[in-house]
Amino acid sequence: MLREKSTFFTRAHRVLDVGVSAGAFILAYLIKLYLLPDPFRGLTVTPNYYIVLLLIIIIWYICFNFSGMYVSYRTRTVWAVLRDMVKAVFVAVLILLFFIYVFKISNVSRMLLAVFFLLNVGLLAASKGIVYKTLERIRKQGLNFRSVLIVGSRGAAKDVIDTIGPRLNAGFRILGCLDSDRELVGSSVKNGVKVIGTFENIEALLSKEVVDELIFARPLKEIENADQYIFLAEKMGVSVRIVPDWQIHNLIPVMKDTTMGFQDFLGIPTMSLTSVPQAEFPLFVKGTIDLIFGGLALIVFSPVMALIALGIKMVSPGPVIFRQERCGLNGRKFTLLKFRTMAPDAEAIFEKLKSQNEVDGPVFKIKKDPRIIPYIGTVLRKSGLDELPQLINVLRGEMSLVGPRPPIPGEVEKYEIWQRRRLSMKPGLTCLWQCTERRNDIEFEEWMKLDLKYIDCWSLWLDLKILFRTVSVVFWGQGR
């Protein structure tokens, strides 16, 4: 019954958010049509904005469904709720723009879409802020609470009590603790919470008392018939939480960049520890953007690539495309493609130039590299246009549009342990280092830290900012 109510309210909440979004579009339409100052006021007869509104309702509903926006507010901060909402709206806008392009809906007002985005975020933020604060106030008054029964009365149980204690706004109330020792019944555990029975009393308490959640804070192997108690709670519609006895508290101090989660592994429930982004829907969107925009970019830049290939052929004998083995995701080897900017015998000359390396670490760079093809090689490297063939690597799934640059295996062999984590995300055409001012002058360790910062702070918005900054780098020719 509780699950049915939760599902109903989640759906109602989602429909409300879509309704607010549709209202934001209608309001933006009226503002653009009547209220903006000249010359921004007014709209053309085409396109049919009813079609755009229909697309918004469908796309927003799907994006909101996969965004994680509707996880219970009890265990989340208002800022986490608003952050997920902004991400969902931003992704939805990108998908809307894609469909507008695919369906060739011409003359859609960009000003209207900009006003809609701001109104959508603002109205949703206001509605969610009101709901969040209202629920918080109600819970502080002792209403709309969830009653918790803790199975256990020792270390883990005390940790649960400490966690729930100061968070009245989360709306949890501890009914009491249970223990296997009858002599402990009536004794105090912590913060006024007492042992109110033994494990054998679980069925009676679930039947007679108001219990919303049963928390097992004791190793299941120490609880006789634990599986039957869990099955009983499930039959009665009571949620069950299990605090795992995996000595996690000993791991937390050394896992500064690690996210913990629980996953099904071939039918076996496991705890996962990962230091790379695990947001499935945003990562799916990132992969989709790679395929769509990678393909479009390859088509758009094909004339430029043809001219570059012709220029290389005219000034230097040898192949147009340079192929080199690089390390991709978690060290997978793949063949990276780029326009050849060096003389055919560059590898042979390299041995003579090793002593002239101007950067630290395992990479090699010098300002006036004699191996570079005169003029066209310099232009390609400064502009970064020599990387354009890597759009093929993106379409193959070996690279992404944005991500740490793929190193050669020889460099990886010289990495320190902490530097290898940069391989935990798919390499990209551009990255934070690539669009950093005076990037060729920063130390190797700082370069590695920038890549790790990208991994730790990854978001679709960060990818978009890096792509825009890369355009500036290409325009001003800051490469080497």
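The values are calculated or read from the model by the stated rules, or taken from the named source; none is laboratory data. Since the model is a prediction, treat every value here as computed from it, not as a measurement. Ideal geometry is used to build each Cβ from the backbone, glycine not excepted, and the neighbour counts take in all protein chains shown.
Look at (1) more than 32 Å from the chain's Cα centre (by Cα); (2) modelled with pLDDT of 85 or more; (3) not basic (K, R) and you find that E351 fails only one, number (2). Here D456 meets the list (1) within 20 Å of the chain's Cα centre (by Cα); (2) within 25 Å of I376 (Cβ to Cβ); (3) at pLDDT below 85 almost entirely, failing just condition (2).
Do you know which residues across the range 35-56 are surrounded by fewer than 16 Cβ atoms within 10 Å (Cβ to Cβ) and among the β-branched types (V, I, T)? The answer is T44, V45, T46, I51. For the range 399-434, residues that are assigned to a loop (DSSP other than H, G, I, E, B) and under 23 Å from G295 (Cβ atoms) total 10. Taken residue by residue, the range 94-103 has no member that is under 16 Å from R83 (Cα atoms) and in a helix (DSSP H, G or I). Reported count of residues in the range 198-245, each being closer than 17 Å to L175 by Cα, of a type in the set (A, V, I, L, M) and either in a loop (DSSP other than H, G, I, E, B) or not assigned by TED's automatic domain parsing to the domain that holds D181 (or both), is 4.
Of the residues that sit in the range 365-387 and are surrounded by 14 or more Cβ atoms within 10 Å (Cβ to Cβ) and hydroxyl-bearing (S, T, Y), which one is modelled with the lowest pLDDT? If we take residues in the range 365-387 being surrounded by 14 or more Cβ atoms within 10 Å (Cβ to Cβ) and hydroxyl-bearing (S, T, Y), then S383 is modelled with the lowest pLDDT. Once the range 65-81 is narrowed to residues that are surrounded by 17 or more Cβ atoms within 10 Å (Cβ to Cβ) and either more than 15 Å from the chain's Cα centre (by Cα) or basic (K, R) (or both), the residue that is farthest from T134 (Cα to Cα) is Y70. The C-beta contact set for the range 311-328 (first residue on the phi > 0 side of the Ramachandran plot, second residue at pLDDT 90 or above and of a type outside the set (A, V, I, L, M), distance under 6 angstrom, 6+ apart or interchain) is empty.
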